[in-house]
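Below you'll find the structure, written out as structure tokens, and then a few comments.
Read-outs throughout are calculated quantities, based only on the coordinates presented, and are distinct from any laboratory measurement. As the structure is a computational prediction, the values presented were derived from the model and not from experiment. Ideal geometry is used to build each Cβ from the backbone, glycine not excepted, and the neighbour counts take in all protein chains shown.
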Amino acid sequence: MDFKQIEAFVNVVRYKSFSKAADATFFTQPTISTHIRNLEKELGVKLLDRKSRVVEMTPQGSKFYKYAVEMINARAQAFDALNDTTGNVGGILEIQTSSIPAVTFLPELLSGFRKNHSGIQYYVSVSDTQAVIENISERRGEIGFIGEKISSSSIECTRVASDKSVLIAPVNYNIASTLKLADALQYPFIWRETGSATRRTFEMAALRSGFEKDAFEVAALVDDMDTMIRSVEAGLGVAIISEKVASSLGSRVKVAEIEDFSEDRTFYMISLKSASFSPAAAAFSEYVKSMSGVR
């Protein structure tokens, strides 16, 4: 077993594709396949399921994956300690994030960090908050960003940013710039998937105000922020999104504040307590904390 084989396996898991893993690591696809095949032969188990278009881990692959990541990180830490005297780190940094951090504060953090660490390559996967938590727990990424605080003995959770939620509506809707939650419920809603922290926070506020879930007329469920915004633009219904995202849309939609849903949303950086960081992840975590005023 050598590190090229282990790195090939980890990258195929990251990108869920042999071809994408080859592109990201500047190897050919046959080389990646050979490394995986030799690793499986040496271990005596099948690590990856290649039957579908998206490559997934087998149960044995899932067990081996966390150790593979630890080995790669330990190797990177050793090289960093012995060879790097400049403080400039490199490598691939895998980040899991929910949709609002992905389009608000995260791009600036990535850009700012890379100015001092030009050897960094980012792999950013965007999903909902629940999926981010699950991916970090399964070591599919070293650092995650989510829209709610979680209490977990295995996950470290650090506050890094805040925002508030607003309602966006098609421009032809006769809607006031400020309205009550009861007024908002007369419109059809376009919702994110059930793992969305934005949706969960709004539903909890409605329940506290005496409304049941069936009070919402649901026009559509989508798993993509751009699709949701475009659906609002097209007149399908209204949606609850980040104020920072809404402010970037200009005249594409109408924006309204909901008087009885005014609490700030707080966003958190999460990581697995038991996992050792790669040098890139360790440096990025400290950078994020310094930029958010966390010490």
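Some values worked out for this structure:
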quantity: Convex hull per residue volume in Å³, alpha carbons only, for the chain; calculated: 157 Å³
quantity: Pairs of Lys in region 1-149 closer than 27 Å at Cα, counting only those 8 or more apart or on different chains; calculated: 26
quantity: Kirkwood-type radius of region 44-203, with distances r between different C-alpha atoms, in Å; calculated: 19.2 Å
quantity: Normalised contact order of region 66-162, rounded percent, pairs of Cα under 8 Å and 6 or more residues apart; calculated: 33 percent
quantity: Degrees, to the nearest 10: 106-116 long Cα axis against longest axis of the chain; calculated: 40 degrees
quantity: Charge dipole magnitude, Cβ of K and R +1, D and E -1 - region 1-81, Cα centre, debye nearest 20; calculated: 340 debye
quantity: In order through region 139-152: 3J(HN,Hα) via Karplus (6.51 cos²θ - 1.76 cosθ + 1.60), integer Hz, x for Gly, Pro; calculated: 6, 8, x, 9, 10, x, 10, 9, x, 7, 7, 10, 9, 8
quantity: Region 1-81, relative contact order [Cα under 8 Å, separation at least 6], %; calculated: 30 percent
quantity: Helical mean residue ellipticity (222 nm; -39500 (n - 2.57) per DSSP H run of 4+; nearest 500) of the chain; calculated: -13500 deg cm²/dmol
quantity: Long-range amide H partners of S17 with built H, under 5 Å; calculated: V55
quantity: Angle in degrees between helix 29-43 and the longest Cα principal axis of the chain, rounded to the nearest 10; calculated: 70 degrees
